[in-house]
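J.: Pasting a structure below so you can have a look.
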Amino acid sequence: MSLKILFITATSSEADALKKIKQMEAVQENYRFGGFDISLLVAGVGSVSTAWAMKQWLSQNETPDLAINAGIAGSYKDELVIGDVVMPLSDCFADAGIEDGDSFFTLSEAGLISAHEFPYNDGLLYADTGYSAKMKGIVKPVRAITVNTATGSETTRRKLLKKFNPDIETMEGATFFYICCREKIPFLALRAVSNKVEPRNKNNWNIALAINNLSEKLVEVLLTL
């Protein structure tokens with residue numbers, strides 16, 4: 001019996017990480033790799049687009065056996081260099097909360113939600129332990145944050161680093177975690193570092209390298225499932 005996978009990316013360029021795998025076979029609108037039937041969902045950039053696209057897909061299709069979110073990310077840590085592929089184990093909506101003067105409080109810190117209200121645990125969203133545990137030997141586990149505005153200033157970078165101590169930043173990850181937890185879908189997240197989180201300078205980015213490395217790592221992941 002084949003494993004049904006929902007593979008979710010934000011953009012068509014990130015979807016190339018799946019499409020460019022040599023052993024990947026296109027079957028009508030889906031893909032097949034060994035014993036895996038893979039449905040590709042290009043959900044769009046940002047939390048709102050991701051939430052709508054995922055819920056729309058889930059309302060029209062059978063629940064997958066596994067959901068995989070893959071794409072690029074910005075790195076906060078010097079040890080994570082451009083091209084590295086990592087696996088977020090925790091995520092959060094880092095800019096959802098209350099600003100009070102120079103202070104920022106998350107929704108749970110502000111008392112608007114409980115820090116342990118499902119699917120949160122101490123204010124964070126955590127990855128599926130079963131699949132993540134399988135991958136720890138081949139993909140570096142990291143802490144992620146999700147933002148609506150990609151960080152592009154030193155001031156914001158320092159604030160987020162002090163508040164959350166993240167390894168990487170994306171614009172969709174926490175939404176993927178949240179919906180998979182709510183829908184009780186086993187899931188796995190993979191991100192390739194395309195840039196440093198720093199004052200915005202696209203000359204320092206290497207999206208092509210990130211996606212190529214993500215594609216290579218995805219083969220390892222699929223063979224490890």
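Quick note: the coordinates plus some simple rules give every number you see, no bench work behind them. Quick caveat, the model's predicted, so the values are computed rather than measured. FYI the Cβ positions are ideal-geometry reconstructions off the backbone, even for glycines, and counts take in every protein chain you see.
J.: Identify, please: which residue in the stretch 92-129 is among the small types (Gly, Ala, Ser) and within 23 Å of Ala73 (Cβ to Cβ) and is, among those, farthest from the chain's Cα centre (by Cα)?
T.: Only one residue tops the list, namely Gly97.
J.: Out of all the residues in the stretch 94-109, which are in a loop (DSSP other than H, G, I, E, B) and either surrounded by 14 or more Cβ atoms within 10 Å (Cβ to Cβ) or basic (Lys, Arg) (or both)?
T.: From the stretch 94-109, those in a loop (DSSP other than H, G, I, E, B) are 94-96, 101-102, 107-109; that's our starting set.
Residues satisfying the conditions are Ala94, Asp95, Ala96, Leu107, Ser108, Glu109.
J.: Kindly provide the set of residues from the stretch 7-30 that are over 14 Å from the mean Cα position of the chain (by Cα) and part of a strand (DSSP E or B), ordered by number.
T.: Within the stretch 7-30, Glu25, Ala26, Val27, Asn30 qualify.
J.: Go through (1) part of a loop (DSSP other than H, G, I, E, B); (2) within 13 Å of the chain's Cα centre (by Cα); (3) among the β-branched types (Val, Ile, Thr) one by one and return the number of the condition Thr63 breaks.
T.: If we test Thr63 against (1) part of a loop (DSSP other than H, G, I, E, B); (2) within 13 Å of the chain's Cα centre (by Cα); (3) among the β-branched types (Val, Ile, Thr), just (2) comes out false.
J.: Need the failing condition index for Gly97 against (1) closer than 30 Å to Glu220 by Cβ; (2) in contact (Cβ under 8 Å) with a residue 12 or more places away in the chain, just the number.
T.: (1)
J.: Checking the condition of a type in the set (Lys, Arg), closer than 18 Å to Met171 by Cβ and not in a loop (DSSP other than H, G, I, E, B), which residue from Lys55, Lys4 passes?
T.: Residue meeting the stated conditions: Lys55.
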